[in-house]
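Novice: Let me begin by handing over the structure; questions about it come next.
Computed from the coordinates by the stated procedures, all read-outs in this text should not be read as laboratory data. Only a predicted model underlies this, so the values are computations on that prediction, with no experimental measurement involved. Positions of Cβ are backbone-derived with ideal geometry, glycine not excepted, and every protein chain shown enters the neighbour counts.
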Amino acid sequence: MHNILPVRNAFFIAILLLLRSAARAQDDNCGEIAEPFFTAQSSETMAANRNGSLPSSFSMPKPPGMIRVFTVGESAAFINGSGPESPLGRLLKMTVSSDTEHINCGLCAYISHDIAPIVDEISGYAPDVVVILVGNNNNRFLHYGCDMEFDAVTRAYTLEERARHPTHSIVEIEQAVSMRLQEDDLRRMVRRIKKSGALAVLCTLPASLKDFAPQGALPLGDRDFAKAWRCMDRGNFSLAQKLFSDYVKLHDGEAFAWYALAECAEKNGDYDKAKEYYAAALDRDTNINRCSPERNEMIRRVAREEGAYMADLERIFSTMSPHGITDGTVLDDGVHWHNSLTGVFACGVMDALAAGHASLPFKKDLPASCPKEKLYEGGHASAAYVAYDYTMAYIKPWASGSREFGGMPHGEVLERGISMMQRLYNLDPKLMKKALASPESARALMPESVWFSFDGFDAAWPYYLMHAGEFYRRTGKRKEALDCFKRALQADPQLYMAKFYRALAYIDMGDKEKAREDFEAIYQYRDKHPEIGVLAELEGMEPERK
């Protein structure tokens, strides 16, 4: 029987991969990946010709003495800009004595296997340096159907991981497989770059730990979790830390428990433990699209073993964050640094090259420290408006049940939405208040963006109000909380989970009578929402049996 289980699980995973192959075959990226990234615009000029790429062009053959630097990768690469006025382009002009050019081939949503063909292509364009940023999208997002050889390797790795770890979940298996696939791709890219005679720079990637909750809703239907959470909710962080510490011993895979444990440790002043626990929560996130510490360590190891330069952005951004816990002070969401900090990326790359004594014609009168603050001269998008944009972008698909974002099970609040509301409030509480005044006000304050569309916004409006109410409740702003819950129920009387959160607000206020009324009104839904019954019992609000 013990020998049959791994085979059976491997069979089911193989079926899953076949189904995903069919889905991936429809992906528009498949056709693009097979096409050249650059095409000839004239007999001497190559220009980017990939959907969604930054405008860029360069001469072929390369002019004598030109130092040509390419950046490749996912959106973490894309956001740094391209050309002589990009932060890296500016820094090259400041530090290198020859003529220089910076060409950014970053593309949103790409994984390492999509990026490797771009590296193959640009290796033929006389590069001097190629900078690689990849790792966020590789987490458990296995792409199939574009490359038969890649598909075969993926399936083989999956079967191997299942045989080695028969008790691991599909999510754990996918994470392990994606790590191996990314490592293969990184080694291939570095070797190809070095074969062309260029220098390869690998970058670790920062991830927001402190104020970017795991995806989904809190497991308040679990009595032990709910008890610890309410203890934390009331400010008893010492007891809550003990309760959550006991909880994760029995439920190691519960990301929200590790996240709450980290919050408690931080409140108790144990910042080293808090950072450790936040990282554990990230690693267990069911919708992980952030580069974990383990993945970054793999990137460092590949750089050492393959002879690539190492721009350790994870450590750089960590040192810029309070207590070394990377958060919204440097990142807009879970992975993208503020546009004003793109100079940090540029300095990280050039410092890595200088520290490794790269064979570049550096100027003799280099500044003692990298002038990262002087490298970005673009427009500064308000951090508050960016947080507002992301708040909208996370809650709307959750409210509509989008599977891509985990889908709202029955009406619970999305913890990541609460996290972004906290960032928004910290940055500009008046903006948040204006945005919650009415749907019309919300529309007027935020134009549509790459992350957010107002399509379907009106249907999601009650859920924004419910999320705001729960945010205000947790932060002790009870008047504002009750107002949001009231308006959410007026907008959608069927949104009965708003009464669940309002009941908690009434309990916090000491109004047990109104809390009991709300619990009694929704108690019939406790089978569908176990948290209703659990919290009613913990708070002594169970309706009297007639």
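Novice: Could you compute the net charge surrounding GLY83? Neighbours are other residues with a C-beta less than 12 Å from the C-beta of GLY83; K and R count +1, D and E count -1.
Specialist: 0
Novice: Residue by residue through region 67-73, which ³J(HN,Hα) values in whole Hz follow from phi under the Karplus form 6.51 cos²θ - 1.76 cosθ + 1.60 (θ = phi - 60°), with glycine and proline marked x?
Specialist: Once rounded to whole Hz, the list reads 9, 9, 10, 9, 10, 10, x.
Novice: Kindly put GLU314, GLU254 in sequence by how many other C-beta atoms sit within 10 Å of each C-beta, fewest to most.
Specialist: On the way: GLU314 23, GLU254 20.
Fewest-to-most Cβ neighbours within 10 Å comes out as GLU254, GLU314.
Novice: A follow-up question, please. Contour minus end-to-end for SER59 and LYS227, with contour as 0.36 nm per residue of separation and end-to-end as the Cα-Cα distance?
Specialist: 54.0 nm
Novice: Right, another one. Tell me, rounded to the nearest percent, the portion of alpha carbon pairs in region 223-283 spaced more than 16 Å apart.
Specialist: 32 percent
Novice: Restricting things to alpha carbons, tell me how big region 129-266 is in terms of Rg and Dmax, in Å.
Specialist: 20.2, 61
Novice: What ranking do 526-535, 46-55, 181-190 get when scored by the average of other Cβ atoms within 10 Å per residue, highest first? Each step should come with its number before you reach the end.
Specialist: Working: 526-535: 18.2, 46-55: 16.2, 181-190: 20.7.
Result, highest mean first: 181-190, 526-535, 46-55.
Novice: Just list whichever of LYS227/LYS430; LYS273/LYS477; LYS195/LYS374; LYS486/LYS528 have alpha carbons separated by over 32 Å in the model shown. All intermediate terms of the calculation are to be shown ahead of the outcome.
Specialist: Numbers: LYS227/LYS430 34 Å; LYS273/LYS477 29 Å; LYS195/LYS374 35 Å; LYS486/LYS528 23 Å.
With Cα atoms farther than 32 Å apart: LYS227/LYS430; LYS195/LYS374.
Novice: A follow-up question, please. Mind putting together the pair-distance distribution for region 485-537? All Cα pairs, 5 Å bins, whole percent per bin, short to long.
Specialist: Values per bin, smallest distances first: 5, 23, 32, 25, 14, 2.
Novice: Summing Lys, Arg as +1 and Asp, Glu as -1, what charge do residues with Cβ under 14 Å from the Cβ of LEU482 carry, LEU482 excluded?
Specialist: Surrounding charge for LEU482 is +3.
Novice: Also: If each residue's Cβ is checked for other Cβ atoms within 10 Å, how do CYS203, CYS231 rank with the fewest at the top?
Specialist: Ascending number of Cβ neighbours within 10 Å: CYS231, CYS203.
Novice: I would also like to ask the following. Can you find, among TYR501, TYR110, GLN215, the residue sitting farthest towards the positive end of the charge dipole of the chain, where Lys and Arg contribute +1 and Asp and Glu -1 at Cβ?
Specialist: Sorting the options by dipole projection puts first TYR501.
Novice: Could you please report the charge total around SER196, scoring K, R as +1 and D, E as -1 over all other residues with beta-carbon less than 15 angstrom from its beta-carbon?
Specialist: Values: positive: LYS62, ARG68, ARG188, ARG191, ARG192, LYS194, LYS195; negative: ASP120, GLU121, ASP128, GLU306.
Net charge around SER196: +3.
Novice: At q = 0.13, 0.17, 0.18, 0.20 Å⁻¹, what is the log10 ratio I(q)/I(0) for region 406-546, with the Debye formula run over Cα points and no solvent?
Specialist: -0.58, -0.95, -1.05, -1.25
Novice: Would you mind calculating the gained length between GLU44 and GLU542 on full extension (0.36 nm times residue separation, minus the Cα-Cα distance), in nm to one decimal?
Specialist: 171.5 nm
Novice: Let me ask something else. Run through all the Cα pairs of the chain and give the fraction in each 10 Å bin from 0, expressed as whole percent.
Specialist: 3, 16, 25, 25, 18, 9, 3, 1, 0, 0
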